[in-house]
Amino acid sequence: MTEDGFVEARGGNVIPRLFAVALMATGPVVYAADDGSTLGIVLTAVLLPLGIAVWRAVTRAARRLLRLDEVGLPATAVVLSVEPISEDPTVRVRLLIKGPDVPEFVVEHDTRYDPRLKPGNELVAVVDPDDHRDFELDC
């Protein structure tokens, strides 16, 4: 999930939630299995908040997608530039987003490379009317 911009996948978020539960449970399980070891206490102190943070991030992403589905405005995103930013397939995309009910704005976002992300290409977008930086591309 991203803070704004591209949404990599929709779904039930089962795997990220299971990961969050595994993080939250690791410390207490080690603590119980090792009869109150210091390692269990340390793992609980570190992994429990991390698991809660992952769970909350997944929940926020789902809430964001539902909001875009309910109130999102149709728009067009024109790819202005694409530049690689690392050795893996991550690129920085600069987009001009506009629509009938959406004022024009330019945004940069880091995402995985997609062949449709070429300068000049137009993509279908949905934009949150209250926060134009929150958008989703049909990509």
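The values are calculated or read from the model by the stated rules, or taken from the named source; none is laboratory data. Worth saying up front: this structure is predicted, and the values here are computed from it rather than measured. With ideal geometry, Cβ positions are generated from the backbone for all residues, glycine too; neighbour counts draw on all protein chains shown.
Side notes on the structure shown:
- Identity of the residue in region 68-114, in a strand (DSSP E or B) and of a type in the set (G, A, S), that ends up modelled with the lowest pLDDT: G99
- Note on region 118-132: among residues that are in contact with a Leu (Cβ under 8 Å, 6 or more places away or on another chain) and in a loop (DSSP other than H, G, I, E, B), the one that is modelled with the highest pLDDT is P119.
- Test: R56 is modelled with pLDDT under 90 and part of a helix (DSSP H, G or I): no
- Of all residues in region 114-139, those that are closer than 20 Å to P84 by Cα have Cβ atoms under 8 Å from Cβ atoms of residues that are acidic (D, E), 6 or more apart or on another chain, in L123/D138; C139/D114.
- Within region 34-47, considering residues that are in a helix (DSSP H, G or I) and either touching a Pro at 6+ places or on another chain (Cβ under 8 Å) or among the acidic types (D, E) (or both), the one farthest from F19 (Cα to Cα): G40
- Qualifying residue in region 102-112 (condition: closer than 30 Å to V21 by Cα, among the hydroxyl-bearing types (S, T, Y), crowded, with 18+ Cβ neighbours inside 10 Å and in the same structural domain as V30 (by TED's automatic domain parsing)): no
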